[in-house]
Ligand SMILES: [Zn+2]
């Protein structure tokens, strides 16, 4: 892809449409019936034939992925959290190559290291935002997490599995689904005679409003942020009302 992949601040996976150019490459390899033997860091000029049994397994994997890929569509429905409002990203938005979004002369950037160039914002899936709102009664605000985010506006961890594949220029859809190293090639997998199968990782690419495993993973990540936020609010009430109670009847009203 020619531009940087942008990741959801809530769940840590891609906010781009499902794409898999490497699956196209795999089709080409299978059509040719052979592949170039991988060396340590590149492919050699020597070729090897693909075993028919392995070829059948790889063809089945392509079919299996095609059957489920529409379930990734939720990833493409995103919103911007700005300091003033939450905005659904629709077709009228122009997205630049570096996490910037522009519409009707409003310009936001979702990457923390570019926040000084425009209005700051965070990007997340609409489903992820709704999940926190519905299950944790929490509406994400930039201020709550700003100092916890890295330059790319991501939290330190989204769970062991997701962390391996998150934050790269391209989201490694296929390697994620297969649960293999994010730096891979089909030549390498063929050469290792590795059979391909959709792994349990696929749960984390499913809509968290529909997939319980993904829901649990995300709520666990955000639970700690919520607790901290509640503590802070409590502290504010304590300091402002209990230590310095207002003289008028306001105190009673608030309680
Ligand atoms: Zn998300």
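The values are calculated or read from the model by the stated rules, or taken from the named source; none is laboratory data. This structure is a prediction, so every number in the text was calculated from the model and none was measured. Backbone-built Cβ (ideal geometry, glycine too); neighbour counts: all protein chains shown.
General remarks:
- Residue that is more than 12 Å from the chain's Cα centre (by Cα), part of a helix (DSSP H, G or I) and within 14 Å of the ligand (Cβ to nearest atom), where the choices are 221, 202: 221
- Criterion: more than 16 Å from the ligand (Cβ to nearest atom) and farther than 24 Å from residue 190 by Cβ - qualifying residue of 4, 15: 4
- When 79, 75 are checked against the criterion of being within 16 Å of the ligand (Cβ to nearest atom), touching a helix residue (DSSP H, G or I) at 6+ places or on another chain (Cβ under 6 Å) and under 25 Å from residue 169 (Cα atoms), 79 stands alone in meeting it.
- For the stretch 31-86, a residue qualifies if it is without any contact (Cβ under 8 Å) to a residue 12 or more places away in the chain and in a strand (DSSP E or B), and the qualifying residues are 44, 45, 46.
- Qualifying residues in the stretch 119-143 (those that are more than 16 Å from the ligand (Cβ to nearest atom) and surrounded by fewer than 15 Cβ atoms within 10 Å (Cβ to Cβ)) - the one farthest from residue 89 (Cα to Cα): 137
- Residue list for the stretch 144-167, filter: surrounded by 16 or more Cβ atoms within 10 Å (Cβ to Cβ), in a loop (DSSP other than H, G, I, E, B) and on the phi < 0 side of the Ramachandran plot: 149, 152, 154, 155, 158, 166
- Scanning the stretch 31-40 turns up one or more residues that are out of contact with any helix residue (DSSP H, G or I) (no Cβ under 7 Å at 6 or more places or on another chain) and at pLDDT below 95.
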